[in-house]
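All remarks here apply to the structure that follows.
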Amino acid sequence: MKRRDFIAGAAAAGLIGTGRFAFGNIEQFAPSAPVLPYDLVAVRGGEPEVMFDKAIQSLGGMKAFVKKGQKVVVKPNIGWDSSPERAADTNPNLVKRIVKACYEAGAKQVYVFDNTCDNWTNCYKNSGIEKAVKDAGGTMVGGNSKSYYHQVNIPRGKRLKQAEVHELILDSDVFINVPILKHHSSSDLTIAMKNLMGVVWDRGYWHRNDLNQCIADFATWRKPTLNIVDAYRVMLRNGPKGVSASDVITMKQLLISTDIVAIDAAATKIWDPKKDPAKVKHIALANELKAGNMNLAQLRINRIKL
């Protein structure tokens, strides 16, 4: 998507200035979540594509989330110049299947991007995600230019009051967040909430101003339509990039939920069954802000073993 096309379309729809809503107030106009039979689906024992298909079917299929003619943005973790086996980035086979499923549900266009940490062209290529997306008919978009980002307000934020967010997030009908579960040296774990750092321009501000609180604050803004956690290969240490293949274990698991706090809590238990999600600071803070529910005992969970 070219920036000039986005601006023209946004102006026509009243997204800019004094139209229906300004960028800073998008939260109140975010589409409501569909009524679902489960709060969270957990699948284990299969390949990424198969686990995704089983999980989404139990929630009514992708058509419960994507309607005919809608624009969809899929946000994997593509932050690192690394091969899929190193588990620094989201599994490309999972991303490919999600993009295909969106088109099968009737999506007009599916865009994929990340504001990467390493060189963005190398990340896109060597993660395998660029080829996967193109093979599925999707469009890769850069996240490397400040011109793509627009300031929004975070009304419920305690430390993070504003952020510059990629225009794809602002212009999409459906926002699908697809993180990989892994260790992180600064935030303990990086899962769904932290993956949203890849939709903003200035990540450094978050690190300088209480990273965990900023992660929780941003989770109160426009919530993803759907969160899908890749736990096929999981980095247990030396994250977020990893040092060697020995940092990674194959777990063959996947989670889906509309609740970004719940899915992070559940993913924490995958990473370490003995770990209390409340000990992951940004999960506890987001729960306090009512961005979601970290109490797994209160959730309707569908557990599927393949």
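Residues that are over 15 Å from VAL43 (Cα atoms), buried (at least 17 other Cβ atoms within 10 Å of the Cβ) and over 16 Å from the mean Cα position of the chain (by Cα) within the stretch 239-267 comprise GLY239, LYS241, GLY242, ASP247, VAL248, listed in sequence order.
Out of ALA245, ALA278, which single residue is among the small types (Gly, Ala, Ser) and modelled with pLDDT of 95 or more? I'd like the intermediate steps shown before the answer.
Numbers: ALA245 fails: modelled with pLDDT of 95 or more.
Among ALA245, ALA278, only ALA278 is among the small types (Gly, Ala, Ser) and modelled with pLDDT of 95 or more.
ALA132 - would you say it is in a helix (DSSP H, G or I), surrounded by 20 or more Cβ atoms within 10 Å (Cβ to Cβ) and in contact (Cβ under 8 Å) with a residue 24 or more places away in the chain? It is true that ALA132 is in a helix (DSSP H, G or I), surrounded by 20 or more Cβ atoms within 10 Å (Cβ to Cβ) and in contact (Cβ under 8 Å) with a residue 24 or more places away in the chain. If you go through the stretch 169-213 and pick out every residue that is crowded, with 21+ Cβ neighbours inside 10 Å, under 24 Å from LEU255 (Cα atoms) and either of a type outside the set (Val, Ile, Thr) or free of Cβ contacts under 8 Å to residues at least 24 places away in the same chain (or both), you end up with 16. Is one or more of the residues making up the stretch 276-296 out of contact with any helix residue (DSSP H, G or I) (no Cβ under 7 Å at 6 or more places or on another chain), in a helix (DSSP H, G or I) and closer than 21 Å to THR116 by Cβ? No; the residues of the stretch 276-296 include none that is out of contact with any helix residue (DSSP H, G or I) (no Cβ under 7 Å at 6 or more places or on another chain), in a helix (DSSP H, G or I) and closer than 21 Å to THR116 by Cβ.
Where in the stretch 1-114 are there strands (runs of 3 or more DSSP E), lying fully within it, with 1 or more residues that are aromatic (Phe, Trp, Tyr) and modelled with pLDDT under 85? Lay out the reasoning, then the answer.
Numbers: elements: 40-44, 71-76, 109-112.
The strands (runs of 3 or more DSSP E) meeting that bar number zero.
Applying a threshold of 7 Å to beta carbon distances and a minimum spacing of six or more residues, or different chains, the list of pairs starting in the stretch 42-64 at a residue that is more than 15 Å from LEU94 (Cβ to Cβ) and ending at one that is assigned to a helix (DSSP H, G or I) and aromatic (Phe, Trp, Tyr) is empty. A single entry from LEU289, LEU299 fulfils the requirement of being surrounded by fewer than 20 Cβ atoms within 10 Å (Cβ to Cβ) and under 28 Å from LYS161 (Cα atoms): LEU289.
Within the stretch 97-120, residues that are more than 18 Å from ASP173 (Cβ to Cβ) reach partners that are assigned to a helix (DSSP H, G or I) and modelled with pLDDT of 95 or more with beta carbons closer than 6 Å, at six or more positions or on different chains, in the pairs ARG97/GLU49; ARG97/PHE52; ASP114/GLY198; ASN115/GLY198; THR116/CYS123. Only residues that are among the acidic types (Asp, Glu) and buried (at least 20 other Cβ atoms within 10 Å of the Cβ) were counted in the stretch 158-168, giving 1.
The values are calculated or read from the model by the stated rules, or taken from the named source; none is laboratory data. From a predicted model like this one, the values you see are computed outputs, not experimental measurements. Positions of Cβ are backbone-derived with ideal geometry, glycine not excepted, and every protein chain shown enters the neighbour counts.
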